[in-house]
1. Collect the residues in segment 346-369 that are open to solvent by less than 60 Å² (accessible area, probe 1.4 Å) and small (Gly, Ala, Ser), keeping them in residue-number order.
2. Return the residues of segment 242-259 that are open to solvent by 70 Å² or more (accessible area, probe 1.4 Å) and in a helix (DSSP H, G or I); say none if nothing qualifies.
3. Within segment 342-392, count every residue that is modelled with pLDDT of 70 or more and among the aliphatic types (A, V, I, L, M).
4. Which of the residues belonging to segment 90-136 are at pLDDT 60 or above and of a type in the set (Gly, Ala, Ser)?
5. Counting just the residues of segment 616-663 that are of a type in the set (Ser, Thr, Tyr) and more than 16 Å from Arg576 (Cβ to Cβ), which one comes out least open to solvent (accessible area, probe 1.4 Å)?
6. Could you list all residues from segment 435-476 that are of a type in the set (D, E, K, R) and at pLDDT 75 or above?
7. Search segment 516-532 for residues that are closer than 25 Å to Gly599 by Cα and pair each with any residue that is among the charged types (D, E, K, R) and at pLDDT 75 or above when their beta-carbon atoms are under 8 Å apart and the residues are at least 6 apart or on different chains.
8. Take the conditions crowded, with 17+ Cβ neighbours inside 10 Å, at pLDDT below 80, assigned to a helix (DSSP H, G or I) and not hydrophobic (A, V, I, L, M, F, W, C) and apply them to Glu262. Does it pass?
Amino acid sequence: EPFVADEYIERLAWRTPGGGSRGGEAFDPKRLLEEFVNHIQELQVMDERIQRKVEKLEQQCQKEAKEFAKKVQELQKSNQVAFQHFQELDEHISYVATKVCHLGDQLEGVNTPRQRAVEAQKLMKYFNEFLDGELKSDVFTNSEKIKEAADIIQKLHLIAQELPFDSLMGFCCYPLSSPGKYHDLECQLIQEFTSAQRRGEISRMREVAAVLLHFKGYSHCVDVYIKQCQEGAFLRNDVFEDAAILCQRVNKQVGEVFSNPETVLAKLIQNIFEVKLQSYVKDQLEEHRKSDAEQYLKNLYDLYTRTTNLSSKLMEFNLGTDKQTFLSKLIKSIFISYLENYIEVEIGYLKSRSAMILQRYYDSKNHQKRSIGTGGIQDLKERIRQRTNLPLGPSIDTHGETFLSQEVVVNLLQETKQAFERCHRLSDPSDLPKNAFRIFSMLVEFLCTEHIDYALETGLAGIPSSDSKNANLYFLDVVHQANTIFHLFDKQFNDHLMPLISSSPKLSECLQKKKDIIEQMEVKLDMGIDTLNCMIGQMKHILAAEQKKTDFKPEDENNVLIQYTNACVKVCGYVRKQVEKIRNSMDGKNVDTVLMELGVRFHRLIYEHLQQYSYSCMGGMLAICDVAEYRKCAKDFKIALVLQLFDTLHALCNLLVVAPDNLKQVCSGEQLANLDKNILHSFVQLRVDYRSARLARHFS
């Protein structure tokens, strides 16, 4: 640890008796001084001893340093001598190497012409044997030396071809230039290659292929190799998987046999595509091309997908520089005749299939589709009947059927989804947006127009007039189902159509078409708001049937036991059901819009209904209770305006029971102060005691 003088002295004083206040001992300075003096003397003795030791070690270190320096000088001198010897040896080696290289050049200059002469002599010897017609040399008679024989015949064949035929030498060499022996040897080599391939002797195959590389029949050797590779390779039902396994196996082997493996592998793949796959595709498609469009399209999509997947696997191999273009051309050569008219087959099938799905549904309902009024006199009569109470003819009775089916919609969307998938896979990239738009148009025609729009038109025609009794309002069920179906339609639009057209001009066209469909349906839904007239008509029937004049002017004022009238109970029950039905049938802002309209009409109905009766004091209290119940029902609307209207109506009803002296005070209250005086007056006039001079005076 680092030495700290103050701490050292403190510890020394603490250990000395009388050196501190330890344990109540008295401080003894003399004893402490004596202890310090003795300790200083001990330290001085220790310092002298350590100093002598340091001096001794320094002397020893100096002596060893001198000896080490002397040894280093001796080593440096030895190193210099060794370096001089190394330089002398290096110069001597360089001199000898130069002499050897010069001698080697001289020997090579002499040996090369000699070797050429020997080779020429051998060729002349073999040439004489060919001229004599007797091949006696071992190289021609020994089948194991076919490689050497091939090399000799190849050279003699080239020499013979260079000589003009009209010369004597050329005439004599004609047997060599003719394809006879050359072709025979070529056939022997190919036969040897074939045998080696069957035996699985890769080294022999590589050796023979290297010899044949300089022959014209080298391509025939490659063809034989490709043919034998495919023997027994396509035994299973899955020709695509067999092709992938075959190419994987050949890819490992072809590099060990041929000097140009990428060319051989590419030729094998081309042969597989143009022979095996093309034949298989033709057999699968031609069977259903004219008889079964659905199966034809499924097979076409499946085969094209599996072919492109196979192509993706083959991209891993070395097939040359532009393997993507090479494989694309092979795929196109197989499917071009089927892809040219694909979209026409797709649209034709989709049209017939969609029509069949719809017709099958309407047949199951025993319904004959008919033209609902879309213009002219019939449309005008229907609109007038819906907007007024004039009996211009009976509405169409749908017997509670919405003519919308989730199953039909799912089937249509599923067919269209599969069509989009096929379109994405089978269409040329330049034609993809256009083809996708045609499929979308089919979906719009059969789902939106023929199914949803027809159901809305039928539902509109089935809306009863406002004066109908016990009218069933099925149009809201139509709205509910149409809303659900359109959400599914919109989801398919975003999930399957948008990716196909997102970067093309067709995007704006599709969006506009979708917008037009929405607007067209919204117009019909807006026309269906007349359903509210029927609701109000039903409420009127309930009030007319259940409300009695004696309800608000009871004969015995002191014996009224009910909290609110029977008419109020039934109307509130009916309204709550309709509110719930509207909420279930619509979503978004449409719910608030329709409920606000219904709430305002509901308020107007109750307001006008209350104006028809005279009220005694107890009858006025009962009317207030009814309006309080109506107000509680209005809360279910969750529309601020509707609740405000019923709050004001409740305040107006207070005028029916308030004491004459307090009328002015009540009329000037917060809720009634802004109302027209005539409205206030009309409610006061409903009181039984209105004609009394006192009440008329107070209100005036």
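1. Within segment 346-369, Gly348, Ser354, Ala355 meet the criteria.
2. Of the residues in segment 242-259, the ones open to solvent by 70 Å² or more (accessible area, probe 1.4 Å) are 245, 248-249, 252, 256, 259.
Scanning segment 242-259 gives Ile245, Gln248, Arg249, Lys252, Glu256.
3. Result for segment 342-392: 8.
4. Selection gives Ser94, Ala97, Gly104, Gly109, Ala117, Ala120.
5. Checking each candidate, the answer is Ser616.
6. Here is the first cut: in segment 435-476, the residues of a type in the set (D, E, K, R) are 438, 445, 450, 453, 457, 467, 469.
Within segment 435-476, Arg438, Glu445, Glu450, Asp453, Glu457 meet the criteria.
7. Met521/Asp453; Lys524/Asp453; Lys524/Glu457; Ile529/Glu597; Leu532/Glu597; Leu532/Arg601
8. Details: crowded, with 17+ Cβ neighbours inside 10 Å: yes; at pLDDT below 80: no; assigned to a helix (DSSP H, G or I): yes; not hydrophobic (A, V, I, L, M, F, W, C): yes.
No, not satisfied.
The values are calculated or read from the model by the stated rules, or taken from the named source; none is laboratory data. Treat the numbers as computed from the prediction; the structure is a model and nothing was measured. Ideal geometry is used to build each Cβ from the backbone, glycine not excepted, and the neighbour counts take in all protein chains shown. What goes into the accessible areas is simple: the full protein's heavy atoms, side chains included, and nothing from ligands, DNA or RNA. Shrake-Rupley method; radii C 1.70, N 1.55, O 1.52, S 1.80 Å.
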